[in-house]
């Protein structure tokens, strides 16, 4: 059985900085929404806009660009006229789905009824 003593010795400051770095990837108001949506499959821009809901085109574009810049979302442009742009999770983006589900489960247990 593994205990904290068996793991790599990580200082408090390193844990704090690592956690902050991970949370900073999700800091945008719509980032979690987009990540959850893309976890169910590749989407076109218009599908994301429709399915996320109350978000402006400008804000969605900024959110997608930030997620792409951080390596969580991949953007693919199909060589068609008009161009078809699709978004999907990268390997790094997929790796966040587990922690996101854990946070959801925690919130369901400890923050019932909160939005």
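The values are calculated or read from the model by the stated rules, or taken from the named source; none is laboratory data. Just so we're clear, the structure is a prediction, and the values are computed from it rather than from any experiment. Positions of Cβ are generated from backbone atoms using ideal geometry, with glycine treated the same way; all protein chains shown enter the neighbour counts.
Side notes on the structure shown:
- Given (1) touching a helix residue (DSSP H, G or I) at 6+ places or on another chain (Cβ under 8 Å); (2) modelled with pLDDT under 95, index of the condition residue 19 fails: (1)
- Of residues in region 30-56 being out of contact with any helix residue (DSSP H, G or I) (no Cβ under 7 Å at 6 or more places or on another chain) and free of Cβ contacts under 8 Å to residues at least 24 places away in the same chain, the one farthest from residue 98 (Cα to Cα): 56
- Among the conditions (1) at pLDDT 95 or above; (2) touching a helix residue (DSSP H, G or I) at 6+ places or on another chain (Cβ under 7 Å), the only one that residue 59 does not satisfy is (2).
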